[in-house]
Amino acid sequence: DTDYTTAHLERRLQVVKTPEKITIDGRLDEAAWAKAPRATDFIQNEPKEGEPSAEQTEVRDLYDTQNLYFGVYAHDSAAAHLVISDLKKDFSTDAGDTFEVVLDTFHDQRNGYIFSTNPAGAKADSQMINEGREVNLNWDGVWYVKTRILDDGWIAEIAIPFKTFKFRESDVQTWGINFHRNLRSQVRNEDSYWSP
């Protein structure tokens with residue numbers, strides 16, 4: 001069984017600043033990505049709560065003076081059967097294979113931002129308020145993503161300009177962060193999170 005309190009405390013990323021230009025092209029080939037901290041070992045929410053995800057997801061995190069970057073490698077042994085339900089902006093994230101970044105920029109567990117994509121590079125974004133009980137689907141942020149489907153999964157390379165969201169003016173920043181993956185390419189119908 002998963003000890004959620006311990007898992008929550010242990011799941012921390014120390015984001016690394018990169019002097020290198022990151023090109024958003026769906027290829028994690030810049031040297032900075034190899035050195036970036038990684039979030040792995042996602043835990044199922046559905047269907048087998050608390051068990052490790054059936055497929056490995058690796059998320060790397062970088063920043064520079066302008067942007068926050070995420071490099072996602074969503075491994076999938078059935079990549080030929082990825083479910084891409086929609087290509088339009090603000091697509092429904094439940095029906096297909098998706099990956100989401102959840103940011104709590106004030107680290108108050110009250111408000112935040114969700115950035116979602118699928119293997120075809122469709123984008124959906126929203127704002128959470130009132131401790132996540134309300135979601136503003138009409139919120140639109142400026143951000144960029146490119147994806148690439150591989151034989152063993154798919155890659156998403158994401159850049160979110162800091163001007164897209166609000167956060168405290170402080171030299172040291174502590175944000176809440178989580179990652180969510182919908183795995184639909186197999187009969188499993190699995191939802192998993194990095195921090196349960």
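Side notes on the structure shown:
- About its Cα centre, the chain has a charge dipole of approximately 580 debye under the convention of +1 per Lys or Arg Cβ and -1 per Asp or Glu Cβ, with nothing else charged.
- A Gaussian network model of the chain, with springs between Cα atoms under 10 Å, assigns the largest mean-square fluctuation among N130, N67, N178 to N130.
- The chain: most fluctuating residue of H107, H75, H180 per GNM, C-alpha cutoff 10 Å: H107
- Over the chain, dividing the summed -39,500 (n - 2.57) contributions of all DSSP H runs of at least 4 residues by the number of residues returns a 222 nm mean residue ellipticity of -1500 deg cm²/dmol.
- Range in the chain, longest, excluding exposed trypsin sites (Lys or Arg not before Pro) [loop by DSSP; at most 12 other beta-carbon atoms within 10 Å]: 22-87
- For D29 and Q66, the difference between the fully extended length at 0.36 nm per residue and the C-alpha to C-alpha distance is 11.3 nm.
- Of T57, T105, T65, the one that fluctuates the most in a GNM where the chain has Cα springs shorter than 10 Å: T65
- Entry note: segment 85-138 has Rg to Rh equal to 1.01, where both radii use alpha-carbon atoms and Rh is the Kirkwood radius.
- At 0.692 mPa s and 37 °C, Stokes diffusion of segment 2-98 via Kirkwood alpha-carbon radius, µm² per second: 208 µm²/s
- Equivalent-ellipsoid semi-axes of the chain, from the Cα gyration tensor, Å, largest first: 23, 20, 18
- Cα-Cα pairs of segment 100-164 separated by more than 16 Å (percent): 49 percent
- Entry for segment 125-196 at q = 0.19, 0.26 Å⁻¹: log10 I(q)/I(0) = -1.19, -1.38, Debye formula applied to identical alpha-carbon scatterers, no solvent contribution.
- Relative contact order [Cα under 8 Å, 6+ residues apart], the chain, whole percent: 26 percent
- Probe 1.4 Å, protein heavy atoms only - accessible area per residue of segment 102-174 in square angstrom: 55 Å²
The values are calculated or read from the model by the stated rules, or taken from the named source; none is laboratory data. If you're wondering where the values come from, they're calculated on a predicted model, not measured in any experiment. No Cβ is skipped: glycine too gets one built from the backbone with ideal geometry, and neighbour counts run over all protein chains shown. These accessible areas exclude ligands, DNA and RNA; they are computed on the full protein's heavy atoms, side chains included. Shrake-Rupley method; radii C 1.70, N 1.55, O 1.52, S 1.80 Å.
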